[in-house]
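I have a structure I would like to understand better, so I am pasting it below and will then ask my questions one at a time.
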Amino acid sequence: MRKARHLAISSRLEATKRHGLVADYAIEWPASNFSPPHIRVRGRDQFPAQLTLNYVARLLGSLVPTRAIEIER
C-alpha cells in the first residue's frame with residue numbers, strides 16, 4: 001500500500017514539475033504506517049505560494065491531507 005501510494009504521489013508531482021508549476025519536491029514517510037506522508041514542495045517564484053498549495057492539495061487530495069503539504073520558496 002505504501003509503495004503504491006508513493007508511486008501515485010510522485011507520478012502526479014513529476015507531471016506538475018514537468019509543466020513548470022513546482023521546482024522540486026520531497027516525500028517523507030513517518031515511522032508509523034498509519035500516518036500520511038509529509039510532502040514538501042518548492043514552488044516557482046512566478047506563482048504565489050497559495051496558488052501552488054491549492055493546486056497540489058487538489059491534485060493529491062485523495063492521497064494526502066492538506067495539512068501534510070508544505071510549500072517552500
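The values are calculated or read from the model by the stated rules, or taken from the named source; none is laboratory data. Owing to the predicted nature of the structure, the values given are computational and were not obtained by experimental measurement. Don't worry about glycine lacking a Cβ; one is built from the backbone with ideal geometry, like all the others, and counts go over all protein chains shown.
Please determine, by comparing only the residues of region 16-60 that are under 17 Å from ALA4 (Cβ atoms) and over 10 Å from the mean Cα position of the chain (by Cα), which one is surrounded by the fewest Cβ atoms within 10 Å (Cβ to Cβ).
Here the answer is PHE34.
Next question, about the same structure. Criterion first (within 21 Å of ARG18 (Cα to Cα) and modelled with pLDDT of 95 or more) does ARG40 satisfy it?
So ARG40 passes the test.
Let me ask something else about it. So which residues in region 1-15 are among the basic types (Lys, Arg) and either closer than 15 Å to SER62 by Cα or under 10 Å from the mean Cα position of the chain (by Cα) (or both)? Working first, answer last.
First, pick out the residues of region 1-15 that are among the basic types (Lys, Arg): 2-3, 5, 12.
Scanning region 1-15 gives ARG2, ARG5, ARG12.
For region 36-65, what are the residues that are assigned to a loop (DSSP other than H, G, I, E, B) and either free of Cβ contacts under 8 Å to residues at least 12 places away in the same chain or among the basic types (Lys, Arg) (or both)?
Residues satisfying the conditions are ARG44, GLN46, PRO48, GLY61, SER62.
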